[in-house]
Amino acid sequence: MDKKDEEIIRILERRANLSSRALSNMLLMPISTVHRRIKKLEHEGVITGYKAIVDYEKTSRPISALILINFSEVGDEREHIPKSSVLSNLKRFNEVEEITEVQATSFDMVVKGRFESLRRLSDFVEELRNIKGIEEVSTAIITEETSMPPPV
């Protein structure tokens, strides 16, 4: 992967709907080269999909939150709870948009979720507290999100 591939990725991260022609104009590269590079990045698994940038204020899920999760070391019967078990439980919720594992002092994972109301967010947090392997849950409501435009 070279600098041109990195530029293509950076632009597509922010504007996945751009055509090869538009990318070609932005990068001052032939359209066939841009198209070939994108196909190569997809084939190699560097680009695994494309995502729309949504204004959630205009949808039925305007509330977004970051949920900080701390894993428990052991369960009730002193047995180890695998992280994969917690992950599979989290993936079953439609509200979960992203799951990020982190190395932090007071939490192990950050979950980004979208909710139709504060009541649903509150219920969701209670459901998380009942998942075996989750010890503590903290919530930060997102008040504003800014999507970055592609670099010029």
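Here are some notes:
- Residue-count net charge about F124 - beta-carbon cut-off 11 Å; Lys, Arg +1, Asp, Glu -1: -1
- Kirkwood-type radius of region 9-71, with distances r between different C-alpha atoms, in Å: 14.2 Å
- Net +/- balance of residues flanking L66 in space, Cβ distance below 12 Å, scoring K and R +1, D and E -1: -1
- For region 56-142, a Kirkwood hydrodynamic radius built from all Cα pairs, placed in the Stokes-Einstein relation at 20 °C and 1.002 mPa s, yields a translational diffusion coefficient of 161 µm²/s.
- Per residue, the average separation of C-alpha pairs within less than 8 Å and at least 6 apart gives the chain a relative contact order of 30 percent.
- Calculated P(r) tail over 24 Å for region 1-118, as whole % of Cα pairs: 51 percent
- Legend: residue pairs K40/K132; K39/K132; K40/K112; K4/K83; K40/K91, Cα-Cα distance threshold 32 Å; pairs beyond threshold, K40/K132; K39/K132; K4/K83.
- Taking the C-alpha atoms only, the angle from helix 118-129 to the longest principal axis of the chain is near 70 degrees.
- Hydrodynamic radius of region 1-41 by the Kirkwood approach over all distinct alpha-carbon pairs: 9.9 Å.
- Peptide ranges 28-39, 62-73 listed from the most packed, as the mean C-beta count within 10 angstrom indicates: 62-73, 28-39
- Distance between region 5-62 and region 93-122 - C-alpha centres, whole angstrom: 26 Å
Each value in this text was obtained by applying a stated rule to the coordinates, not by laboratory testing. Keep in mind the model is a prediction, meaning the values are calculated, not measured. Methodologically, a virtual Cβ is constructed for each residue, glycine included, from the backbone with ideal geometry; neighbour enumeration extends over all protein chains shown.
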